[in-house]
Amino acid sequence: MKRLATMILAAAMVVSMAGCSSSGSGASGTAAAENESKAAETGKETQDTETQDEETQQETLAGGADFTGITLNIAHSSTGDISDAYDAQFAAFEELTGCRIEVEHLASDADESENTIQVRAATGNLPDIWQNSIGAKLQNISPQDNIYDLSGQKWLSNIVDSYREIVTDNETGAVYAVPATTSNVAGVFYNRNVYGDLNLEIPETWEAFLANCETIRAESDVVPCASPYSTPSGVQILFLAQYYYVQNENPDFAQQYTAKETELHESEAYMRGLTKMYDIWEKGYQCEDPLSLSFEDASVQLANGEVAMLVCRTNVMATVEELAGEKIDHIGFFPLPDLDSQSLGVATWMPAGWVANKNISAEKEECVLALLEFLTTSDAIDAYCTKTTPTGAFMLNGVSLPDNVSTAVTEAQSWVDKASSPVMEYFSDIKGSNMATILQMVGTGDYTPDQAVAEIEQDNAIDAQQKGIAGW
Amino acid sequence: MNRKRYPIWLAIPGLLIYITIFVIPTFASFYFSMTTWNLKTAVFTGTENFRTFFTMTSTRAALINTAIYAVVTCSAKVIFGLLIARYVCSGIRSGNYLKIVIFSPTLLGNVVIGTAFQSVLEPTGIVNQALSAAGISAVRFLTDKSVALAACCAIDIWKGMGTAVIIFVAGLSAIPQDYYEASAIDGATDLKKFTKITLPLIVPTVNTVLTLSLIGGLRDYDLIYTLTGGGPGYSTEVIGSVVYKLFSRGSYGLATAGNVILFAIVSVIVFPLNSFVGKWEERL
Amino acid sequence: MVRKRSLLSKILEVIIVLVTVITHWIIFYFAIITSGKEKADAARLTLELPEKWNFLENYTYVLQYQNGALLKAFRNSMILTVSAILILVLAAASTAYLLQRRTGTIRAISNKLILAGLIVPAAVIPTYWMLDRLHIANTLMGLIAVEVATLFPFATMLYKGYVATIPVEIDEAAIIDGCGPFSLFWRVIFPMVKPITATVVILRSIVVYNDFQNPLYYMSGSGSQTVQLFVFSLKSAWTTDYGHLFAAAIIVSMPIIILYLFLNKKILEGMTAGAVKG
């Protein structure tokens, strides 16, 4: 029943968009930077006037619009299973509509791929659709000039409110993105067998965590903490996950920091994040050569019980499923512990969003919108799930996680409603070019937390100045 | 007469590409290095970027590393390149084989070389397997601060040696044989022949190799970038990689300032050092 | 050089040849053997033969990966290399010839600019800005222009050095025979500088095909990747998938290796022909 409703809705949308583009194409090309509310209004008007067309054409288009001959160009930086899952979704859409989709793979390093998009935005070379970080990072590419405003699209109600809020421009009401993949929850993934064999309790404070590490080291050959610091993303997770406690201590921390009203070292919770990394190194709870340990190796070692714990995001479970699927239920989850058991909580990452090029050519426009809509439907999610088991929430209404998700993911997900916060990057985009390097040095004992924070502050200040943020 | 026979338009296509794509951006970079710039609007900030660039911890490390990297790789290529070329040209049977084999790494892209050496030098890779067979404990070649830069230098020398050797071989074979024959009649030893005949006549070639590999050592970063990404810590950071990382974060003005500084360093070192370019010009 | 060689020097030669096996052959052997292993086997990073010969599977996987993205990258790299080298040879040879023969201020200024270009590093982001101005940013054409501009000074110097050895009398004779300025260059001078052309074509093809820095800056993320960028992206995507990674690395390196095996004698001939004598 629901599916039928979606399809009718889709058909209606497609028709109304067809009207939009044919009647508005002359103006839309040149008036690209026109103000958003006005655009939204005219959009509504057009929809109203096209209702008649809609009725007459509904029969021919209800079975799915035909976009044969149109080629969309889509860029993203995901790899592995997620990339395969996207391909499955695109294939399903191609099947449905006859268009062709060409995928470009951006660098998998986040800074690099974001910069690529930024450079291409500045030089007018954006793809038709691309995967963009959301939250504060959305501002980097001047969305009002570059990203298609989706406000007024009926299917936006498919997206859960919390996601829609962070992709909406508060001033103009413009909506920029639809969720591309699943959310991520960061915390400690542990091997249940190791914990069982050594009769360990789930730690609720950082001290208890360290005590567990000590027991593991003393009573077994298992490495207490995997620390896959070989990549820029691997080395930052523990530190970023700490943000739940930072905002718990001061809910406006990110905003105040961006406005230069507070300093990083003034937040005790922020400092504890660095201290935790330093502790694990100082007390020797990590593997011998963290800088050459890859994320994949660490997740396999965790599944095999060669390491007891791994601070990571839920997407690690997709890797475990791929590389050591039979052991997936050996892994459990608990939040990164901090001061006391009362304050436990998790940091989350919202899924990156698909965004469309604002200056898209008229003939592609309806196809792009149809695809974005398709990606918010359960058909698209079904296609996604043929390639990988989701490791977080899709942020879509009426789409629940399938039954086969791993227990660690379910445990992690249960914390989202209880106590969670998105990580700092959603609220502040100040980040120096050497963040990963500095954290590597904390994690391998070259910098104490105090030295590290001094350098992070200096490095961030340069980034803020270069971005021209007021007050820096 | 001269003008009619050699009309300037024959040189225009080449000069046009060169001037638009190389010369103008080079001059433009002096301006952009003094701005904060997002590719669309540039706000003039004077010498601020240069001051900022020198306050960065990564820059300080990078300056030292760049100097070490350039000097070590360049001198190794000149000295060993000449010795190997001399040996290869000494009429040995395996001369051709050696030339081909030593040149072979030059054929590979830096990404391929980076990938191969990363796995060969892993803590469990074949080099460490060999070391442990010899009773030596494993070395973390690319993740130990004290050896990573040395490992990068060694790999660059391995890669660049082929070009140096080939240039030297060309230089050596241009030395007329009768010089050696004459000195043989005089009863000169091999060592004497090398110091009295080969060395003086090979000086221009030495200059070529020296300049080329010094410039390469100062400004190239892609091999290092694919091997270590500048790490661990800042231990293999070079100016080129600092500039690239700033570019990745969207700090285009600051990155351009870094480039101008690199430009200044290369010019200050290389221009005085390479009298050969001047001589070359005079002769033409 | 004819001279009697002692036993000692013969033993030394054998040792040196054996050393090259360790320093140069093993890594090629390792790459080839790893490219035929299954994932777990490859992850052991040994020199042993594959447990199961997986060459066909690995190579087909790589070639089919992302709907044949590697083949597309190949096509781009080929277009890039061939066009850049073609333009470079023609532009550098004609400019060098003219600057060598002419006198006057244009020549003097051009010479200085070209000499400077041998030494100073390219201004990366302003170059991007310029490409954008010309509407060729993130296109193969833009990258071709950058490669030509980067290699132009060195190639021009090589040609100039060689043109200087061609007597002006030859020009005069050709003009008496009725040659115009263009056919003088194209029919008389250009064929005579063939050794330099051969050197430039071979050595610079390797450089352009293997270039990583320029595509990284000027092409990254655009639809037309080059093979080097492609391997780099695989490197982060397949961090532990050595079988596939090395299969890709070997496929990508093949064209240049084959080119070299056929033409390695020419490289030396070209260089000896007066190119880099100084």
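Taking the Cα centre of segment B:58-283 as origin and assigning +1 to Lys and Arg Cβ atoms and -1 to Asp and Glu Cβ atoms, the resulting dipole is close to 160 debye. Taking the Cα centre of the protein assembly as shown as reference, the dipole from Cβ charges on Lys and Arg (+1) and Asp and Glu (-1) amounts to some 6940 debye.
Of B:PHE263, B:ILE79, B:LEU199, whose Cα points farthest to the positive end of the dipole of segment B:58-283 (charges on the beta-carbon: +1 Lys, Arg; -1 Asp, Glu; origin at the Cα centre)? Sorting the options by dipole projection puts first B:PHE263. Taking every C-alpha pair closer than 8 Å and separated by at least 6 residues, the mean separation divided by the residue count of chain A gives a relative contact order of 24 percent. For the pair segment A:103-144 and segment B:222-246, the centres of their Cα atoms are 23 angstrom apart. When the pairs A:LYS154/A:LYS358; B:LYS159/B:LYS245; B:LYS159/B:LYS192; B:LYS99/C:LYS10; C:LYS112/C:LYS160 are compared against a 20 Å limit on Cα-Cα distance, B:LYS159/B:LYS245; B:LYS159/B:LYS192 fall above it. For chain C, take the alpha-carbon Rg, divide it by the Kirkwood Rh, and send me Rg/Rh. A ratio of 1.07. Across chain B, counting alpha-carbon atoms alone, Rg and Dmax equal 23.1, 77 Å.
If you take the beta carbon distance between C:MET254 and A:ASP84 as r and set R0 to 25 Å, what does 1/(1 + (r/R0)^6) give as a FRET efficiency, to the nearest 0.05? Computed FRET efficiency for C:MET254 and A:ASP84 comes out at 0.35. The calculated FRET efficiency for C:LEU90 paired with A:ILE202, based on their beta-carbon distance and R0 = 60 Å, is about 0.25. Using just its DSSP H runs of length 4 or more, each adding -39500 (n - 2.57), chain A gives a mean residue ellipticity at 222 nm of -15000 deg cm²/dmol after division by all residues. In vacuo Debye scattering of chain A, one point per C-alpha: log10 I(q)/I(0) at q = 0.07, 0.09, 0.10 Å⁻¹? Debye output, listed in q order: -0.39, -0.63, -0.77. Peptide C:46-53 has a mean shielding of 1, counted as Cβ atoms of other protein chains within 10 Å of each residue's Cβ.
Dipole orientation for the protein assembly as shown: of the candidates B:LEU107, A:MET435, B:TYR225, B:LEU107 has the Cα lying most toward the positive pole (charges on Cβ; Lys, Arg +1; Asp, Glu -1).
For segment C:173-195, the residues whose backbone nitrogen is under 17 Å from a point 7 Å from the Cα of B:LEU16, taken along Cα to Cβ, are C:182. Give me the net charge for the shell around C:ASN210: Cβ to Cβ below 13 angstrom, other residues only, Lys and Arg +1, Asp and Glu -1. Net charge in that neighbourhood comes out at -2. Spin-label model, C:THR46/A:THR410: points 7 Å from Cα along the beta carbon direction are separated by 4.1 nm. If the label point is 7 Å along Cα→Cβ of C:LEU134, which residues in segment C:78-101 have backbone nitrogen under 19 Å from it? It comes to C:79-96, nothing else. A simple count of charges around A:SER227, restricted to other residues whose Cβ falls under 13 Å of its Cβ and scoring Lys, Arg +1 and Asp, Glu -1, yields -3.
Using only side-chain charges placed at the Cβ, +1 for Lys and Arg and -1 for Asp and Glu, the dipole size of segment A:368-472 relative to its Cα centre rounds to 140 debye.
The B:TRP9 and C:ASP177 beta-carbon pair, evaluated with R₀ = 22 Å, returns a calculated FRET efficiency of approximately 0.50.
Determine which residues of segment B:250-274 fall in the zone a paramagnetic label at A:ASP145 would reach in this model, i.e. backbone nitrogen under 19 Å from the point 7 Å along Cα→Cβ. Counting only backbone N, you get B:250-254. Projecting the Cα atoms of A:SER230, A:ALA454, A:THR71 onto the charge dipole of chain A, computed from C-beta unit charges around the Cα centre, puts A:THR71 farthest toward the positive end.
Bear in mind that the values in this text are calculations on the coordinates, not laboratory data. These figures come from a predicted structure and were not determined experimentally. Note that each Cβ is placed from the backbone with ideal geometry, even for glycine, and that neighbours are counted across all protein chains shown.
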